[in-house]
Structures are given as C-alpha cells and as structure tokens.
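Below is one structure; the comments refer to it alone.
Taken together, the values in this text are just the output of simple stated rules run on the coordinates, not laboratory data. Keep in mind the model is a prediction, meaning the values are calculated, not measured. FYI the Cβ positions are ideal-geometry reconstructions off the backbone, even for glycines, and counts take in every protein chain you see.
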Amino acid sequence: MIKKIDHIGIAVKSLQETLPFYTEMLQLELLGIEEVASQKVKVAFLKLGESKLELLEPTAADSPIARFIEKRGEGIHHVALGVSTITERIQEMQEKGISMIDVIPRLGAARSHIAFMHPKSAHGVLYELCEKQVEAEG
C-alpha cells in the first residue's frame with residue numbers, strides 16, 4: 001500500500017530566507033521551486049536520499065500554511081506517503097475508519113495527486129497520500 005516516505009513538508013515564512021540553510025549548510029540539492037495557486041503556496045523541493053523535503057511558503061494570509069505558521073510557527077507540517085492508486089487508498093482508509101480531509105484526490109505540486117488524512121484520525125499527524133503522475137526511480 002505505502003511505498004515510501006515521499007517527502008516531509010516544512011512550513012516556512014520565506015523560501016528566500018530559508019533555502020540557504022538547506023542548500024548551503026546542509027548541502028541538499030534544490031530540485032525546483034513552483035507555485036501551487038490553488039493551495040496559495042510556493043514550494044521548494046530538496047533532494048534527501050530517496051525522499052525529499054518540501055518547503056512551503058504561504059502566498060496569501062488566508063492560506064492553510066499561513067494559518068499553520070500563525071498558530072504553531074515554522075516547522076514540520078506534514079508527512080507525505082508515496083502510494084499507487086490513490087483513489088483506492090482513500091477508499092481503503094475510509095473503510096478502516098480514517099477520516100479524510102480529501103475524499104477526492106486533488107492536484108498538488110509536481111503534478112502529483114494528493115489527499116490528506118485528518119490528523120484526528122492519525123494521532124495528531126497530518127499525513128498526505130501522494131501519487132506521482134510518472135514514477136521515477138532513484
């Protein structure tokens with residue numbers, strides 16, 4: 001069902017201020033930056049072995065990431081689990097009593113299909129199911 005940790009999402013106030021820590025101090029490779037207008041967020045992906053770190057900067061005061069930072073400060077926002085056949089995984093989670101924020105997958109960064117589990121059903125952790133459009137190994 002779950003193939004791997006696809007990425008860990010980290011909420012940040014500013015990509016410009018935060019990226020040097022990851023690229024210069026930790027020497028992680030920046031894979032790209034993109035804006036996901038529907039989520040009111042700009043994201044930067046950094047390669048970390050077989051997984052990635054996803055830095056999330058809010059682009060509007062009413063974005064989910066802006067509200068998260070206002071309430072909890074910068075830090076880990078979610079853990080994304082790589083899955084195949086996301087629609088089946090959503091149905092399976094619901095059948096097992098997991099409350100889903102997204103009952104229909106939506107388009108996320110890097111053209112992936114995503115769906116979030118409600119943290120109340122996952123012991124306080126926000127998990128994202130993430131199905132890549134094109135699987136790339138390595």
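Round to the nearest 0.05 the FRET efficiency obtained for LYS13 and SER84 when R0 = 35 Å and r is the Cβ-Cβ distance.
0.55
How big is D, in µm² s⁻¹, for the chain by Stokes-Einstein at 37 °C and 0.692 mPa s if Rh is the Kirkwood radius over C-alpha pairs? It diffuses with D of about 213 µm²/s by this estimate.
Only DSSP H runs of four or more residues enter the estimate; each adds -39500 (n - 2.57), and after division by the residues of the chain the mean residue ellipticity at 222 nm equals -5000 deg cm²/dmol. Straight-line reach from LYS120: taking Cα to Cα under 19 Å and skipping same-chain neighbours fewer than 8 places apart, the aspartates and glutamates in range are GLU92, GLU95, ASP102, GLU128.
Which entries in the list LYS47/LYS96; LYS47/LYS132; LYS47/LYS71 go over 22 Å, if you measure between the two C-alpha atoms of each? Correct reply: LYS47/LYS96; LYS47/LYS71. With a simple spin-label model that places each label point 7 Å from the Cα along the Cα-to-Cβ direction, the separation between ARG111 and GLU92 comes to 2.5 nm.
With the cut-off at under 14 Å, measuring from each backbone N in segment 11-27 to a point 7 Å along the Cα-to-Cβ line of GLU74 picks out 11-26.
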